[in-house]
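S.K.: The structure's right below; bear with me while I get my questions together.
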Amino acid sequence: MFHYALIMLVAGLGIPVLAALNAGLGRQIGSPAMAATVLFVVAFSVALIAALLTQPQAATRLASAPKYLFLAGTLVAFYILSITWIAPVIGVGNAVFFVLLGQLISAAAIDHFGLFAAQVTPLTGTRAAGIALMAAGVLLTQKV
């Protein structure tokens, strides 16, 4: 369990770095959309190599996957485009604050209702208070 938590911690550390780097690229070239496109080309290349090295046979099962699952790609594109465009305007910290707040709300709803076949974890009063405390803690670190 610890190694999973560590991997996700590193992934979380990367989100503001990703936002700052891609926002910088967008400013440098004068196009947040082109910066996002470059990010996706690099990300696609890395993910394709990982897929081919670990589970190449998975590609044969794509046609049978429920089509709504592909919405995840649209959500990633929306996140990258929005963070690349907005972070230079309001700052990386403020942009990521709102991303974190959205993640807390969405994650609580997904877990509570077991959406998308997620494990059900009811939103108890204690859990809601913990989420609110996390949101307040993140808010305290930013000038919003």
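Each value in this text was obtained by applying a stated rule to the coordinates, not by laboratory testing. These numbers were taken from a predicted model, which means no experiment stands behind them. Every residue, glycine among them, receives a Cβ derived from its backbone with ideal geometry; neighbour counts consider all protein chains shown.
S.K.: Grab the beta carbon distance between Thr141 and Gln55, set R0 = 41 Å, and tell me the FRET efficiency rounded to 0.05.
M.R.: The formula returns an efficiency of 0.60 here.
S.K.: How many nm is it between the label spots at Ala77 and Thr121, if each spot is 7 Å from the Cα in line with the beta carbon?
M.R.: Result for the modelled spin labels: 3.1 nm.
S.K.: Once phi is turned into ³J(HN,Hα) by the Karplus curve 6.51 cos²θ - 1.76 cosθ + 1.60 with θ = phi - 60°, what whole-Hz value does each residue of the range 44-61 show in order, with x for glycine and proline?
M.R.: Those phi angles translate into 4, 4, 5, 5, 5, 4, 4, 5, 5, 7, 9, 8, x, 5, 5, 4, 6, 9 Hz.
S.K.: Same structure again: In percent, how large is the relative contact order of the range 2-140, given Cα pairs closer than 8 Å and 6 or more residues apart?
M.R.: 24 percent
S.K.: Would you mind estimating how fast the range 42-87 diffuses translationally, via Stokes-Einstein at 10 °C and 1.306 mPa s with the Kirkwood radius over Cα pairs, in µm²/s?
M.R.: For these conditions, the coefficient is 127 µm²/s.
S.K.: Mind sorting out which of [x] 61, 39, 37; [y] 57, 39, 26; [z] 43, 40, 29 is the real Cα extents along the principal axes in Å computed from the coordinates?
M.R.: Only one option fits the structure, namely [z].
S.K.: Taking a spot 7 Å from the Cα of Gln103 along the direction of its beta carbon, which residues of the range 51-83 have an amide N less than 19 Å from it?
M.R.: 72-83
S.K.: Further question: Where does each of Ile7, Ile80 land when they are ranked from fewest to most other beta-carbon atoms within 10 angstrom?
M.R.: Ile7, Ile80
S.K.: A further question on this structure: Give me Ile29, Ile83, Ile131 sorted ascending by neighbouring Cβ count inside 10 Å, so fewest comes first.
M.R.: Ile29, Ile131, Ile83
S.K.: Enumerate the calculated ³J(HN,Hα) couplings along the range 21-34 in order (Karplus 6.51 cos²θ - 1.76 cosθ + 1.60, θ = phi - 60°), each rounded to whole Hz, writing x wherever the residue is Gly or Pro.
M.R.: Calculated HN-Hα couplings, in order: 5, 6, 4, x, 5, x, 5, 4, 9, x, 7, x, 5, 5 Hz.
S.K.: Based on DSSP H runs of at least 4 residues, each adding -39500 (n - 2.57), what is the mean residue ellipticity at 222 nm of the chain after dividing by all its residues, to the nearest 500 deg cm²/dmol?
M.R.: For the chain, the value works out to -26500 deg cm²/dmol.
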